[in-house]
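The values are calculated or read from the model by the stated rules, or taken from the named source; none is laboratory data. Since we're looking at a predicted model, the values are computed, not measured. Note that we place each Cβ from the backbone using ideal geometry, even for glycine, and neighbour counts take in every protein chain shown.
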Amino acid sequence: IYKQIWDEIKKADNILLIAHINPDGDALGSELSLYPILKRMGKKVTVFNATKPLPEYLDFLPNFDKVTNKLPKKTDLTISFDCGSFDRLGLEEKPSFLINIDHHISNTNYGDINLIEPNHASTSQVIYDILKANNIDIPADTAVCIYTALVTDTGSFQYESVNDKVFECAADLVRCGVKPDFVSKMLFQRDRLSRLRLLAKAYETIEMCCEGKVAFVEVTKEMMEITGAIKDDTDTIVNSVRALAPVEVACMLREDDEGIKISLRSKNYADVSKIAQKHGGGGHIRAAGATIKGEFDFEKVKEMLKKDLKEIV
Ligand code: 5GP
Ligand code: MN
Ligand code: MN
(Lines give C-alpha, C1' and ligand atoms only; values in the text may rest on other atoms or scores of the structure.)
(Ligands and ions follow the chains in the order given, each with its own letter.)
Protein backbone atom coordinates (compact mmCIF):
# COMPACT_ATOMS: atom_id res chain seq x y z
CA ILE A 1 0.00 0.00 0.00
CA TYR A 2 2.95 2.39 0.64
CA LYS A 3 4.00 1.86 -3.00
CA GLN A 4 0.42 1.97 -4.29
CA ILE A 5 -0.11 5.39 -2.70
CA TRP A 6 2.99 6.78 -4.40
CA ASP A 7 1.85 5.35 -7.75
CA GLU A 8 -1.43 7.25 -7.40
CA ILE A 9 0.50 10.44 -6.61
CA LYS A 10 2.71 9.96 -9.66
CA LYS A 11 -0.37 9.54 -11.89
CA ALA A 12 -2.18 12.68 -10.67
CA ASP A 13 -1.56 16.23 -11.96
CA ASN A 14 -3.84 18.22 -9.65
CA ILE A 15 -3.46 17.18 -6.03
CA LEU A 16 -5.43 18.44 -3.04
CA LEU A 17 -3.92 17.99 0.42
CA ILE A 18 -6.35 18.33 3.34
CA ALA A 19 -6.53 17.69 7.09
CA HIS A 20 -9.04 17.92 9.90
CA ILE A 21 -10.76 21.15 10.93
CA ASN A 22 -9.31 23.07 13.89
CA PRO A 23 -5.92 21.69 12.86
CA ASP A 24 -3.21 20.81 15.37
CA GLY A 25 0.50 20.41 14.66
CA ASP A 26 0.04 16.96 13.17
CA ALA A 27 -2.84 17.97 10.90
CA LEU A 28 -1.15 21.08 9.53
CA GLY A 29 2.37 19.62 9.58
CA SER A 30 1.18 16.55 7.69
CA GLU A 31 -0.75 18.36 5.00
CA LEU A 32 2.13 20.81 4.44
CA SER A 33 4.85 18.15 4.47
CA LEU A 34 4.29 16.84 0.94
CA TYR A 35 3.91 20.29 -0.62
CA PRO A 36 7.61 20.88 -1.46
CA ILE A 37 8.05 17.34 -2.78
CA LEU A 38 4.97 17.42 -5.00
CA LYS A 39 5.90 20.88 -6.32
CA ARG A 40 9.36 19.54 -7.13
CA MET A 41 7.63 16.77 -9.10
CA GLY A 42 5.85 19.43 -11.15
CA LYS A 43 2.37 18.86 -9.69
CA LYS A 44 -0.32 21.47 -9.17
CA VAL A 45 -0.82 21.33 -5.42
CA THR A 46 -3.45 22.89 -3.17
CA VAL A 47 -3.09 22.72 0.60
CA PHE A 48 -6.59 23.16 2.02
CA ASN A 49 -7.95 23.60 5.50
CA ALA A 50 -11.54 24.53 6.20
CA THR A 51 -10.64 26.40 9.40
CA LYS A 52 -9.78 30.08 9.27
CA PRO A 53 -7.81 31.63 10.84
CA LEU A 54 -5.21 28.93 11.32
CA PRO A 55 -3.51 28.59 14.72
CA GLU A 56 -0.83 31.27 14.98
CA TYR A 57 1.59 29.11 16.96
CA LEU A 58 2.14 26.99 13.82
CA ASP A 59 2.93 29.96 11.55
CA PHE A 60 6.62 28.97 11.34
CA LEU A 61 5.83 25.82 9.34
CA PRO A 62 7.32 26.14 5.85
CA ASN A 63 4.62 27.16 3.34
CA PHE A 64 2.12 28.02 6.11
CA ASP A 65 1.03 30.96 3.91
CA LYS A 66 0.07 28.52 1.10
CA VAL A 67 -2.76 26.99 3.14
CA THR A 68 -6.09 28.11 1.73
CA ASN A 69 -9.74 27.64 2.62
CA LYS A 70 -10.77 27.80 -1.04
CA LEU A 71 -11.08 24.60 -3.01
CA PRO A 72 -9.50 24.38 -6.48
CA LYS A 73 -11.66 23.90 -9.58
CA LYS A 74 -9.94 20.74 -10.69
CA THR A 75 -8.70 17.85 -8.54
CA ASP A 76 -7.57 14.38 -9.69
CA LEU A 77 -6.45 13.19 -6.29
CA THR A 78 -7.29 14.25 -2.74
CA ILE A 79 -5.16 13.11 0.20
CA SER A 80 -6.51 13.60 3.71
CA PHE A 81 -4.25 13.56 6.77
CA ASP A 82 -4.84 12.97 10.47
CA CYS A 83 -8.61 12.95 10.07
CA GLY A 84 -10.66 10.15 11.64
CA SER A 85 -13.96 10.81 9.91
CA PHE A 86 -15.11 12.46 6.69
CA ASP A 87 -17.22 15.12 8.43
CA ARG A 88 -14.11 16.54 10.15
CA LEU A 89 -12.59 17.49 6.79
CA GLY A 90 -15.08 20.31 6.32
CA LEU A 91 -15.80 19.28 2.71
CA GLU A 92 -19.28 19.55 1.21
CA GLU A 93 -18.91 16.74 -1.32
CA LYS A 94 -16.95 13.51 -1.52
CA PRO A 95 -13.85 13.97 -3.72
CA SER A 96 -13.58 11.86 -6.88
CA PHE A 97 -10.62 9.89 -5.51
CA LEU A 98 -9.52 10.08 -1.90
CA ILE A 99 -6.53 8.62 -0.06
CA ASN A 100 -7.03 8.63 3.70
CA ILE A 101 -3.75 8.64 5.68
CA ASP A 102 -4.16 8.62 9.45
CA HIS A 103 -3.27 7.07 12.82
CA HIS A 104 -6.60 7.38 14.68
CA ILE A 105 -7.84 4.05 15.98
CA SER A 106 -11.38 5.37 15.44
CA ASN A 107 -10.84 6.07 11.71
CA THR A 108 -13.94 5.19 9.68
CA ASN A 109 -12.06 4.22 6.48
CA TYR A 110 -13.89 6.84 4.41
CA GLY A 111 -11.27 6.89 1.62
CA ASP A 112 -10.86 4.95 -1.63
CA ILE A 113 -7.48 3.95 -0.24
CA ASN A 114 -7.08 3.91 3.54
CA LEU A 115 -3.72 3.78 5.27
CA ILE A 116 -4.41 3.81 9.00
CA GLU A 117 -1.54 3.08 11.40
CA PRO A 118 -2.89 3.31 14.97
CA ASN A 119 0.50 2.44 16.43
CA HIS A 120 2.23 5.37 14.76
CA ALA A 121 2.84 8.37 17.01
CA SER A 122 1.66 10.86 14.39
CA THR A 123 0.22 10.92 10.91
CA SER A 124 3.45 12.60 9.86
CA GLN A 125 5.34 9.45 10.90
CA VAL A 126 3.17 7.51 8.43
CA ILE A 127 4.14 10.03 5.74
CA TYR A 128 7.78 9.55 6.67
CA ASP A 129 7.41 5.79 6.15
CA ILE A 130 5.73 6.34 2.77
CA LEU A 131 8.62 8.57 1.64
CA LYS A 132 11.21 6.06 2.87
CA ALA A 133 9.44 3.10 1.25
CA ASN A 134 9.57 4.96 -2.08
CA ASN A 135 13.16 6.23 -1.73
CA ILE A 136 12.09 9.87 -1.82
CA ASP A 137 14.62 12.50 -0.68
CA ILE A 138 13.28 14.56 2.22
CA PRO A 139 13.97 18.30 1.82
CA ALA A 140 14.45 20.40 4.98
CA ASP A 141 11.04 22.11 4.55
CA THR A 142 9.33 18.72 4.59
CA ALA A 143 11.43 17.50 7.50
CA VAL A 144 10.45 20.48 9.67
CA CYS A 145 6.75 19.74 9.06
CA ILE A 146 7.08 16.03 9.83
CA TYR A 147 9.18 16.72 12.93
CA THR A 148 6.85 19.42 14.30
CA ALA A 149 3.88 17.08 13.91
CA LEU A 150 5.82 14.37 15.73
CA VAL A 151 6.66 16.72 18.61
CA THR A 152 3.12 18.03 19.05
CA ASP A 153 1.39 14.62 18.82
CA THR A 154 3.79 12.97 21.29
CA GLY A 155 3.73 15.78 23.86
CA SER A 156 7.42 16.33 23.13
CA PHE A 157 8.29 12.62 22.98
CA GLN A 158 6.55 11.75 26.25
CA TYR A 159 3.62 9.49 25.31
CA GLU A 160 3.33 5.71 25.08
CA SER A 161 3.39 5.98 21.30
CA VAL A 162 7.08 6.91 21.54
CA ASN A 163 9.41 4.02 20.70
CA ASP A 164 12.69 3.34 18.92
CA LYS A 165 11.13 3.98 15.49
CA VAL A 166 9.95 7.43 16.56
CA PHE A 167 13.44 8.44 17.71
CA GLU A 168 15.00 6.97 14.56
CA CYS A 169 12.55 9.00 12.49
CA ALA A 170 13.34 12.14 14.51
CA ALA A 171 17.08 11.57 14.19
CA ASP A 172 16.78 11.17 10.44
CA LEU A 173 14.74 14.38 10.20
CA VAL A 174 17.50 16.22 12.07
CA ARG A 175 19.94 14.86 9.45
CA CYS A 176 17.58 16.27 6.81
CA GLY A 177 18.00 19.76 8.29
CA VAL A 178 15.62 20.12 11.26
CA LYS A 179 16.89 22.25 14.16
CA PRO A 180 15.04 20.79 17.19
CA ASP A 181 15.68 23.85 19.37
CA PHE A 182 14.19 26.11 16.67
CA VAL A 183 11.00 24.01 16.53
CA SER A 184 10.79 23.91 20.35
CA LYS A 185 11.23 27.67 20.64
CA MET A 186 8.59 28.30 17.98
CA LEU A 187 6.14 25.92 19.66
CA PHE A 188 6.75 26.57 23.35
CA GLN A 189 8.52 29.90 23.85
CA ARG A 190 6.01 32.23 22.23
CA ASP A 191 3.26 31.98 24.83
CA ARG A 192 0.44 34.48 25.13
CA LEU A 193 -0.34 36.33 28.33
CA SER A 194 -4.06 35.85 27.61
CA ARG A 195 -3.47 32.11 27.71
CA LEU A 196 -1.85 32.20 31.14
CA ARG A 197 -4.65 34.43 32.43
CA LEU A 198 -7.17 31.92 31.10
CA LEU A 199 -5.30 29.04 32.76
CA ALA A 200 -5.54 30.87 36.09
CA LYS A 201 -9.32 31.12 35.74
CA ALA A 202 -9.79 27.59 34.45
CA TYR A 203 -7.69 26.01 37.22
CA GLU A 204 -10.07 27.52 39.79
CA THR A 205 -12.83 25.28 38.42
CA ILE A 206 -10.95 21.99 38.79
CA GLU A 207 -13.14 19.36 40.39
CA MET A 208 -11.78 15.98 41.44
CA CYS A 209 -13.85 12.82 41.74
CA CYS A 210 -13.51 9.02 41.76
CA GLU A 211 -10.91 9.22 44.56
CA GLY A 212 -8.92 11.75 42.58
CA LYS A 213 -8.63 9.54 39.54
CA VAL A 214 -10.88 11.85 37.52
CA ALA A 215 -10.53 15.62 37.24
CA PHE A 216 -12.80 18.07 35.44
CA VAL A 217 -11.87 21.56 34.32
CA GLU A 218 -14.20 24.13 32.78
CA VAL A 219 -13.74 26.90 30.24
CA THR A 220 -16.66 29.25 29.68
CA LYS A 221 -17.13 31.89 27.01
CA GLU A 222 -17.09 34.49 29.77
CA MET A 223 -13.59 33.39 30.87
CA MET A 224 -12.39 33.65 27.29
CA GLU A 225 -13.88 37.13 26.90
CA ILE A 226 -12.50 38.49 30.18
CA THR A 227 -8.98 37.23 29.48
CA GLY A 228 -9.01 37.91 25.75
CA ALA A 229 -8.11 34.27 25.14
CA ILE A 230 -8.74 32.50 21.85
CA LYS A 231 -9.70 28.86 21.22
CA ASP A 232 -6.05 27.84 20.63
CA ASP A 233 -5.30 29.05 24.16
CA THR A 234 -7.44 26.21 25.56
CA ASP A 235 -5.49 23.44 23.78
CA THR A 236 -3.18 22.26 26.56
CA ILE A 237 -5.27 22.99 29.68
CA VAL A 238 -6.50 19.42 29.87
CA ASN A 239 -2.95 18.04 29.62
CA SER A 240 -1.78 20.00 32.66
CA VAL A 241 -4.80 18.79 34.66
CA ARG A 242 -3.94 15.20 33.75
CA ALA A 243 -0.46 15.87 35.15
CA LEU A 244 -1.91 15.98 38.70
CA ALA A 245 -0.48 13.01 40.63
CA PRO A 246 -3.58 10.90 41.28
CA VAL A 247 -5.38 11.67 38.01
CA GLU A 248 -5.97 8.92 35.46
CA VAL A 249 -8.49 10.82 33.31
CA ALA A 250 -8.72 14.59 32.88
CA CYS A 251 -11.66 16.13 31.14
CA MET A 252 -12.05 19.69 29.91
CA LEU A 253 -15.49 21.06 29.19
CA ARG A 254 -15.54 24.12 26.96
CA GLU A 255 -18.57 26.21 26.10
CA ASP A 256 -18.80 26.46 22.29
CA ASP A 257 -21.38 27.88 19.89
CA GLU A 258 -22.80 24.43 19.10
CA GLY A 259 -22.71 23.03 22.62
CA ILE A 260 -20.13 21.75 25.07
CA LYS A 261 -16.85 20.53 23.63
CA ILE A 262 -15.22 17.84 25.76
CA SER A 263 -11.53 16.93 25.67
CA LEU A 264 -10.44 13.74 27.41
CA ARG A 265 -6.90 12.71 28.34
CA SER A 266 -5.82 9.56 30.19
CA LYS A 267 -2.47 8.67 31.72
CA ASN A 268 -1.95 4.92 32.12
CA TYR A 269 -4.79 2.57 31.30
CA ALA A 270 -8.19 4.18 30.62
CA ASP A 271 -9.41 4.07 26.99
CA VAL A 272 -11.03 7.49 26.53
CA SER A 273 -11.60 7.07 22.79
CA LYS A 274 -14.49 4.74 23.66
CA ILE A 275 -16.19 7.43 25.74
CA ALA A 276 -15.66 10.07 23.07
CA GLN A 277 -17.11 7.75 20.43
CA LYS A 278 -20.13 7.04 22.63
CA HIS A 279 -20.86 10.78 22.51
CA GLY A 280 -20.35 11.18 18.78
CA GLY A 281 -16.64 12.04 18.82
CA GLY A 282 -13.44 10.06 18.51
CA GLY A 283 -9.70 10.10 18.96
CA HIS A 284 -7.04 7.93 20.51
CA ILE A 285 -6.86 5.74 23.62
CA ARG A 286 -5.12 8.50 25.63
CA ALA A 287 -6.54 11.60 23.90
CA ALA A 288 -10.04 11.98 22.56
CA GLY A 289 -12.79 14.52 22.17
CA ALA A 290 -16.39 15.15 21.23
CA THR A 291 -18.93 17.93 21.11
CA ILE A 292 -22.23 17.49 22.95
CA LYS A 293 -24.34 19.50 20.53
CA GLY A 294 -27.19 21.63 21.81
CA GLU A 295 -26.18 21.07 25.45
CA PHE A 296 -24.90 24.00 27.52
CA ASP A 297 -25.32 22.73 31.08
CA PHE A 298 -21.84 21.90 32.44
CA GLU A 299 -23.18 20.09 35.51
CA LYS A 300 -25.36 17.81 33.40
CA VAL A 301 -22.48 16.85 31.10
CA LYS A 302 -20.20 16.26 34.10
CA GLU A 303 -22.75 13.93 35.74
CA MET A 304 -23.08 12.01 32.48
CA LEU A 305 -19.31 11.69 32.09
CA LYS A 306 -18.81 10.73 35.73
CA LYS A 307 -21.03 7.69 35.14
CA ASP A 308 -18.99 6.70 32.08
CA LEU A 309 -15.65 7.33 33.74
CA LYS A 310 -16.48 5.49 36.96
CA GLU A 311 -16.57 2.31 34.88
CA ILE A 312 -13.05 2.69 33.49
CA VAL A 313 -10.88 4.26 36.23
P1 5GP B 1 -8.87 17.42 21.47
O2 5GP B 1 -9.39 17.02 22.80
O3 5GP B 1 -7.50 18.00 21.55
O4 5GP B 1 -9.83 18.27 20.70
O5 5GP B 1 -8.75 16.10 20.64
C6 5GP B 1 -8.05 14.98 21.05
C7 5GP B 1 -8.12 13.93 19.98
O8 5GP B 1 -9.47 13.55 19.76
C9 5GP B 1 -7.59 14.38 18.63
O10 5GP B 1 -6.87 13.31 18.08
C11 5GP B 1 -8.82 14.68 17.81
O12 5GP B 1 -8.60 14.38 16.46
C13 5GP B 1 -9.88 13.79 18.43
N14 5GP B 1 -11.16 14.50 18.48
C15 5GP B 1 -11.46 15.60 19.19
N16 5GP B 1 -12.73 16.00 19.00
C17 5GP B 1 -13.27 15.11 18.13
C18 5GP B 1 -14.57 14.98 17.52
O19 5GP B 1 -15.50 15.75 17.76
N20 5GP B 1 -14.71 13.93 16.66
C21 5GP B 1 -13.71 13.05 16.39
N22 5GP B 1 -13.94 12.05 15.52
N23 5GP B 1 -12.49 13.14 16.94
C24 5GP B 1 -12.26 14.16 17.79
MN1 MN C 1 -4.83 15.93 14.93
MN1 MN D 1 -2.41 13.04 14.88
> Based on what the data block shows, is K73 out of contact with any Asp or Glu (no Cβ under 9 Å at 6 or more places or on another chain) and assigned to a loop (DSSP other than H, G, I, E, B)?
Replying inline: yes
> If you go through region 101-114 one residue at a time, how many are in a strand (DSSP E or B) and buried (at least 23 other Cβ atoms within 10 Å of the Cβ)?
Replying inline: 2
> Which of the residues spanning region 292-313 are assigned to a helix (DSSP H, G or I) and either surrounded by 14 or more Cβ atoms within 10 Å (Cβ to Cβ) or basic (K, R) (or both)?
Replying inline: F298, K300, V301, K302, M304, L305, K306, K307, D308, L309, K310
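Restrict the check to region 26-38 and report whether at least one residue is within 14 Å of ligand 2 (Cβ to nearest atom) and charged (D, E, K, R).
Within region 26-38, one or more residues are within 14 Å of ligand 2 (Cβ to nearest atom) and charged (D, E, K, R).
Can you say whether N268 is within 16 Å of ligand 3 (Cβ to nearest atom), at pLDDT 95 or above and surrounded by fewer than 17 Cβ atoms within 10 Å (Cβ to Cβ), as far as the supplied structure shows?
Against the criterion (within 16 Å of ligand 3 (Cβ to nearest atom), at pLDDT 95 or above and surrounded by fewer than 17 Cβ atoms within 10 Å (Cβ to Cβ)), N268 does not qualify.
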>> Can you go through K39, K10, K70 and tell me which one is in contact with a Ser or Thr (Cβ under 9 Å, 6 or more places away or on another chain), among the basic types (K, R) and without any contact (Cβ under 8 Å) to a residue 40 or more places away in the chain?
In response: K70
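Residues checked against (1) more than 16 Å from ligand 1 (Cβ to nearest atom); (2) in contact (Cβ under 8 Å) with a residue 12 or more places away in the chain; (3) out of contact with any helix residue (DSSP H, G or I) (no Cβ under 6 Å at 6 or more places or on another chain):
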position	(1), (2), (3)
K221	yes, yes, yes
R242	no, yes, yes
V247	no, yes, yes
E255	no, yes, no
>> So, in region 69-94, how many residues would count as being of a type outside the set (V, I, T) and away from ligand 3 (no atom under 16 Å from the Cβ)?
In response: 15
> Can you tell me which of K73, K39, K66, K52 is farther than 24 Å from L115 by Cα and surrounded by 13 or more Cβ atoms within 10 Å (Cβ to Cβ)?
Replying inline: K66
> Going through region 197-244 one residue at a time, which ones are charged (D, E, K, R), surrounded by fewer than 16 Cβ atoms within 10 Å (Cβ to Cβ) and within 19 Å of L305 (Cβ to Cβ)?
Replying inline: E207, E211
> Restricting the search to region 2-32, which residues are more than 16 Å from ligand 1 (Cβ to nearest atom) and either under 12 Å from I79 (Cα atoms) or not in a helix (DSSP H, G or I) (or both)?
Replying inline: I5, W6, E8, I9, A12, D13, N14, I15, L16, L17, L32
>> Any residue in region 258-273 that is among the aromatic types (F, W, Y) sitting within a Cβ distance under 7 Å of a residue that is within 16 Å of ligand 3 (Cβ to nearest atom)? List the pairs, counting only those 6 or more apart or interchain.
In response: none
